[in-house]
Structures are given as structure tokens and as C-alpha cells.
Amino acid sequence: MKTKAKSRRAFLTDCVTGLNAAWVAANLSGILAAQEHARRAAESAQPPPLGFFTAEQAAEVEAMAAQIIPTDETPGAREARCLYFIDKLLTTFAKNNQAAYTQGLQELQAKTAQLYPGTGKFSALPSEQQIKVLTEIEKTPFFNLVRTHTVTGFFAPPANGGNYDEIGWKLIGYDGSLNHKAPFGYYDAQPQPRRKA
């Protein structure tokens, strides 16, 4: 009896599929609890309580996010509640970024004081001055981190804490479905076995 040799790729795919199923089975109750919490938070008109940021830190991060994706004729990061996405990720899968935020906010305050002595906080500055401070720090890892988290929060599924009322999705015309259908083409055809001559 002849056995068909399995490709390395097929073997690895089967192994990973099995590991994924095992992980889901082992963590099913936690996954269901997190989904329920996220569903309730997304349906609530009230923003969730902060888990990592103090009220003062939250005001600074929200002011930064509001300059990264400003409100104009369309809603911006503030309306999309990007702050809550960032706060949520800093208490879950991105805990390793907590120190970067704490240090970065201190550096933001130092740069604000350097450029505008006597000003208490970045968030208290007028928009033009906030932009000048952010321009001064835009090449820092902290600014890059906040920018990345803001943009991600603006377009992430609302259950993840940001993109409130699907603001980001509405802006780009995305309906939230995962039913992308590529046009049929030559790349979809099943490979045909070679015929022996």
C-alpha cells in the first residue's frame, strides 16, 4: 500500500491547528467572560472606568490622541474613545508598555515646561502649542507608541475599547463584516495533476 507523503507545510498547519484548539479549550471560560465584558462595555453609553491611567495621565494621553487624529468635519480620536482602548491594552496584553507610558508622560511634561514655562500641563495648552510640543517629540519611541495605539484604537473592533460607535469604520466605509470575497481568478483554480505521457 502506498502512502501519500505529507508536505512539511501541511504537517505544520495541522500541528498549529491542534495547538490553537487546545488553547481555546483550556481558556474557554476566560474567553467567554472577556467577550461578555467587552460586549457590555461596547453597548454602554458611558465610558468604562480607567484601569491603568490616573485622571491626570488620561487627560494628557487623550490630548495627544486628539492631535494625532483630530476632530474636524468628522469625529476624531476623542469621540472614538481611543484613550479607553489604550488604557485597556495597557492592563491586558500590552502590560510591558506601562513603563514606557509612565516615562513618556514625564518627558512630555518636561518638554512642555521647557517650551512653555509656567504652563502646568500639556493638555491645558491651546492646540497650536500642543502641535509644537508633539512636533518636538515626534521622533521619540513614546510618540510612536502613542500614535500606533491611537490609530489602532480608532480602527479596532469597538469591543476592544476604542472605535466607539464604529466611528473609524464609518469614516472608511467598512461595515464590520469579515466576508471579503476576492474576484475569482487563475489563482483560485485547483492545481491539476500532470498527465503522464
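The values are calculated or read from the model by the stated rules, or taken from the named source; none is laboratory data. Since the model is a prediction, treat every value here as computed from it, not as a measurement. Cβ coordinates were reconstructed from backbone atoms using ideal geometry, including for glycine residues, and neighbour counts include every protein chain displayed. Accessible surface areas use protein heavy atoms only, side chains included; no ligands, DNA or RNA. Shrake-Rupley method; radii C 1.70, N 1.55, O 1.52, S 1.80 Å.
What full-extension length gain, to one decimal in nm, is calculated for Lys196 and Asn179 as 0.36 nm per residue of separation minus the Cα-Cα distance?
Working: separation 17, 0.36 × 17 = 6.12 nm, distance 4.00 nm.
So the extension gain works out to 2.1 nm.
Quick one: accessible area per residue over the stretch 56-197, 1.4 Å probe, rounded to a whole number of Å²? Please list the in-between numbers first.
Details: 8790 Å² over 142 residues.
Value returned for the stretch 56-197: 62 Å² of accessible area per residue.
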Which peptide among 166-172, 53-59 comes first, and what is the full order, when sorted by highest mean count of other Cβ atoms within 10 Å?
-> 166-172, 53-59
Where in the stretch 138-162 is the amide nitrogen less than 16 Å from a point lying 7 Å along the Cα-to-Cβ axis of Leu115?
-> 138-144, 146-147
Note, ³J(HN,Hα) from phi for the stretch 55-60, Karplus 6.51, -1.76, 1.60, rounded to Hz, x at Gly and Pro = 4, 5, 5, 4, 4, 5
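Take peptides 137-145, 150-158 and line them up by average Cβ neighbours within 10 Å, highest first, as a rough protection proxy. Present the calculation step by step, with values, prior to reporting the outcome.
On the way: 137-145: 14.3, 150-158: 20.9.
In decreasing order of mean packing, 137-145, 150-158 become 150-158, 137-145.
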A correct Karplus calculation of ³J(HN,Hα) over the stretch 160-173, with 6.51 cos²θ - 1.76 cosθ + 1.60, θ = phi - 60°, whole Hz and x for Gly and Pro, returns 8, x, x, 6, 4, 6, 6, 4, x, 5, 5, 4, 9, x
Take the Cα pairs of the stretch 45-197, get the Kirkwood Rh, then feed it into Stokes-Einstein at 37 °C and 0.692 mPa s and tell me D in µm²/s.
-> 188 µm²/s
